1. Could you list, ordered by first residue, the pairs with Cβ atoms under 7 Å in which the first is in segment 100-127 and under 11 Å from residue 195 (Cβ atoms) and part of a loop (DSSP other than H, G, I, E, B) and the second is open to solvent by 80 Å² or more (accessible area, probe 1.4 Å) and not polar (S, T, N, Q), at least 6 apart or interchain?
2. If the Cβ limit is 7 Å and pairs must be 6+ apart or interchain, which residue in segment 77-89 that is under 13 Å from residue 110 (Cα atoms) pairs with which residue that is small (Gly, Ala, Ser) and in a strand (DSSP E or B)?
3. If you go through segment 223-230 one residue at a time, do you hit one that is open to solvent by less than 70 Å² (accessible area, probe 1.4 Å), at pLDDT 90 or above and under 24 Å from residue 108 (Cα atoms)?
4. Can you tell me which of (1) farther than 19 Å from residue 260 by Cβ; (2) part of a loop (DSSP other than H, G, I, E, B) is the one residue 93 doesn't meet?
5. It is to be established whether one or more residues within segment 191-205 are at pLDDT 85 or above, open to solvent by 50 Å² or more (accessible area, probe 1.4 Å) and not hydroxyl-bearing (Ser, Thr, Tyr).
6. Just checking, how many residues over segment 170-190 are modelled with pLDDT of 75 or more and either open to solvent by 70 Å² or more (accessible area, probe 1.4 Å) or outside any helix (DSSP H, G or I) (or both)?
7. Quick check: anything in segment 231-247 under 26 Å from residue 59 (Cα atoms), in a loop (DSSP other than H, G, I, E, B), open to solvent by less than 10 Å² (accessible area, probe 1.4 Å) and in contact with a strand residue (DSSP E or B) (Cβ under 7 Å, 6 or more places away or on another chain)?
8. So how many residues does segment 1-46 have that are open to solvent by less than 30 Å² (accessible area, probe 1.4 Å), at pLDDT 95 or above and either out of contact with any strand residue (DSSP E or B) (no Cβ under 7 Å at 6 or more places or on another chain) or not in a loop (DSSP other than H, G, I, E, B) (or both)?
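The values are calculated or read from the model by the stated rules, or taken from the named source; none is laboratory data. Nothing here was measured: the structure is a model prediction, and the numbers come from that model. FYI the Cβ positions are ideal-geometry reconstructions off the backbone, even for glycines, and counts take in every protein chain you see. For accessibility, only protein heavy atoms count, side chains too; no ligands or nucleic acids. Shrake-Rupley method; radii C 1.70, N 1.55, O 1.52, S 1.80 Å.
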Amino acid sequence: MMPPPWFISILTMILSLAPKSMSANDENASSCSARIHCGDIQDIGYPFWGLDRPESCGYPGFRLNCNDDNPEITIMSATYRVLHINTSSQLLQVARMDYTESICPTYLLNSSFNSTPFAYNRESTLDIWLFYGCQRLTDVQNNSTSTQGISSQFECTINETNIIGYYLTRNVSETSFDTVIRNTLGSCNYSVSIPVMSSEVPSLEEIGNSDILEEALSLGFELRWSANDSMCKSCEDSGGQCGHDLITAEFTCYCSDGSYPRDCRLTPQ
């Protein structure tokens with residue numbers, strides 16, 4: 001026998017007042033309790049996602065992959081090896097994958113973090129510039145006074161073409177380069193900006209060779225991130241799991257009884 005219309009109306013009203021997709025949020029709360037484990041990177045949660053953590057458990061742009069026990073993240077089309085994650089201070093130490101083993105990558109791409117939740121940690125990071133396809137400078141090593149901050153030349157084979165390169169640790173406007181060197185660097189076919197740890201710059205300037213450059217690039221640099229971290233702390237303190245609503249693009253706190261806009265003590269969404 002069909003229930004009377006008044007019963008259906010009351011049931012509909014009750015369901016509309018309940019937390020939406022309660023069973024789905026129970027599942028989200030359980031899924032988001034999973035942590036990322038890859039190589040030296042262990043027990044990582046929000047804002048990162050990937051592997052056993054669904055996209056709804058993280059923040060856009062924070063997907064981690066695990067390649068032969070090497071955690072990786074892609075930012076602005078460049079792939080970085082993840083060396084360290086400090087969730088308490090929102091610091092991420094990464095190194096460009098295409099420069100970790102060679103200073104002669106197949107594709108030359110600047111490190112850029114515009115329109116992303118990441119930004120350089122300026123307390124520990126400095127940009128250097130790599131120049132490719134340059135004219136040969138014969139007196140760079142013997143003219144350290146006027147060329148402080150520029151390396152001895154290195155050679156690369158890119159796309160079966162032998163080219164000459166240099167690196168620069170200072171803005172050209174801040175240097176005392178003579179006209180010949182300025183013009184030579186300005187006429188190089190390509191230039192790429194890549195951040196390094198500022199602690200590596202003295203060795204880059206004092207020793208100035210390709211081995212030191214490769215070592216500095218392999219050590220990577222630090223990025224700060226911003227991904228509703230204070231809201232996540234409030235959510236976790238209330239017993240919830242942090243996440244991101246893929247429909248509304250808003251922060252979501254997944255709790256056992258539903259999803260909440262900030263923590264499990266607030267009105268459910």
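1. 112/76; 113/76; 121/224
2. From residues that are under 13 Å from residue 110 (Cα atoms), the pairs are 80/95.
3. yes
4. (2)
5. yes
6. The number of residues fulfilling the criteria is 4.
7. Pass one, segment 231-247, residues under 26 Å from residue 59 (Cα atoms): 231-247.
Right, trim to in a loop (DSSP other than H, G, I, E, B) and you get 238-240, 245-247.
Add one more test, that the residue is open to solvent by less than 10 Å² (accessible area, probe 1.4 Å), and what stays is 240.
Okay, now just the ones that are also in contact with a strand residue (DSSP E or B) (Cβ under 7 Å, 6 or more places away or on another chain), so 240.
Looking for residues that are under 26 Å from residue 59 (Cα atoms), in a loop (DSSP other than H, G, I, E, B), open to solvent by less than 10 Å² (accessible area, probe 1.4 Å) and in contact with a strand residue (DSSP E or B) (Cβ under 7 Å, 6 or more places away or on another chain), one finds at least one in segment 231-247, hence yes.
8. Counting residues in segment 1-46 that are open to solvent by less than 30 Å² (accessible area, probe 1.4 Å), at pLDDT 95 or above and either out of contact with any strand residue (DSSP E or B) (no Cβ under 7 Å at 6 or more places or on another chain) or not in a loop (DSSP other than H, G, I, E, B) (or both) gives 5.
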